[in-house]
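Structure first, then comments.
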Amino acid sequence: VYDEAEFTGYRLSVRIYDGVHAYGILLVPKSLKPGERRPVVFTQHGQGGVPEDALGVVDNPRADAVYSKFGRTLARRGYIVFAPMISTQRVEDRNALVRRSQLVGMIPVGMEIQKAGRVLDYLETLPFVDKDRFAFYGLSYGGLTALWTGPGEPRFKVVVCSGYFNDWNIKTTDLTEGTSF
């Protein structure tokens, strides 16, 4: 879906369960040499975002101000980059998913961990991926996802949580606050 001077971008969909898929965009640097293996960085967008926001492959002044095209920057520096889509985008949908998950003793990010694991399974089969060097970089709600995904998926060797700790007390305790989870 993207053919830039430094990288090629592909839409990726990996089956998790019947009716459940992990979706995202994979950027592969064109500077790869035959037989070379490179590290992969997952770049996770925040609530209400899309993979294109974290990657910076589509001009979007709001997203560019928040994400600074960090996925594109990593791809230009030679990293393979995968930007996954969070399961739900609207706050109302996410809150409903939280309530349903808690009724069965789970949390929604558990599904995100399962999705990341299946995508890693697939990426490990690619001849240009260094399966011993996976990283996860999440911004905002993507930062929350990073905090849970890191310990839940041991193949991630580096985990970066960015922009999630602001107003922590309000976010976790005040149901009337718009940024509350």
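The values are calculated or read from the model by the stated rules, or taken from the named source; none is laboratory data. Just so you know, these numbers come straight off a predicted model, no measurement behind them. Don't worry about glycine lacking a Cβ; one is built from the backbone with ideal geometry, like all the others, and counts go over all protein chains shown. We work out accessible area using only protein heavy atoms, side chains counted, and drop any ligands, DNA or RNA first. Shrake-Rupley method; radii C 1.70, N 1.55, O 1.52, S 1.80 Å.
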Residue 17 - accessible surface, heavy atoms, 1.4 Å probe, Å² rounded to 10: 110
Rounded to the nearest 10 Å², the accessible area of residue 103 at probe 1.4 Å: 150
With all protein chains modelled, accessible area of residue 111 [1.4 Å, Å²]: 60
Accessible surface of region 1-114 [probe 1.4 Å, protein heavy atoms]: carbon and sulfur percent: 54
Pairs beyond 23 Å (Cα-Cα), from 33/131; 30/131; 33/69; 30/69: 33/69
Cβ charges +1 (Lys, Arg) and -1 (Asp, Glu), total dipole of region 1-58, debye: 280
Extension gain (nm, one decimal) between residue 93 and residue 10, 0.36 nm per residue minus Cα-Cα: 27.1 nm
Region 1-24 and region 92-141: distance between their alpha carbon centers, rounded to Å: 14
Viscosity 0.890 mPa s, 25 °C: Kirkwood-radius Stokes-Einstein D of region 49-181 over Cα pairs, µm²/s: 153
